[in-house]
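In what follows, a structure is listed as structure tokens, so that the remarks can point back to it.
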């Protein structure tokens, strides 16, 4: 009994990690943060034309980096949500034949969803409306799959 439980928990964490690792490997982060120009310090003195040009280039690079980062976090969030939901649904389907694997995939999908939501919301790249829409869609999909699965189990007397 304890072996099955430990296997389920291990599989769930590995499934969540696998989803995250796949997204990180396939969809690369936006790159290095731009470096602040040397020789420019916060002071009341006027900047030379060269320093102003360096500062303007830095600000432009910083804006481009922030735009790429926002896009990256938004897109990677959506990709992880899709794969986490697929993992959870696969778990609900597989649980009929191999309970531990099904439960592990289901829990792995849930862990991936939770972890991704925490990371992305802390990055402050998603609006509240986007998070609410994704959470609502995910909830509806998982509830529908769960009701279909549990309804069949009740009909067969295995609930």
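The table for this structure:
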read-out: Linear extension gain, residue 5 paired with residue 25, 0.36 nm per residue minus alpha-carbon span; value: 4.2 nm
read-out: Residue 68/residue 114 FRET efficiency (R0 22 Å; Cβ-Cβ; nearest 0.05); value: 0.30
read-out: In Å, descending, principal axis extents of the Cα set of the range 1-106; value: 73, 24, 20
read-out: Per-residue Cβ neighbour rank within 10 angstrom, fewest leading, 97, 12; value: 97, 12
read-out: Paired Rg and Dmax values of the range 62-101, which use every Cα atom, in angstrom; value: 16.5, 52
read-out: Least to most buried among 70, 56 (fewest other Cβ within 10 Å first); value: 56, 70
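Bear in mind these aren't lab numbers, they're just calculated from the coordinates by the rules spelled out. Predicted model, so just to flag it, every value in this text is computed and none were measured. Reconstructed Cβ throughout: ideal geometry from the backbone, glycine too, with neighbour counts over all protein chains shown.
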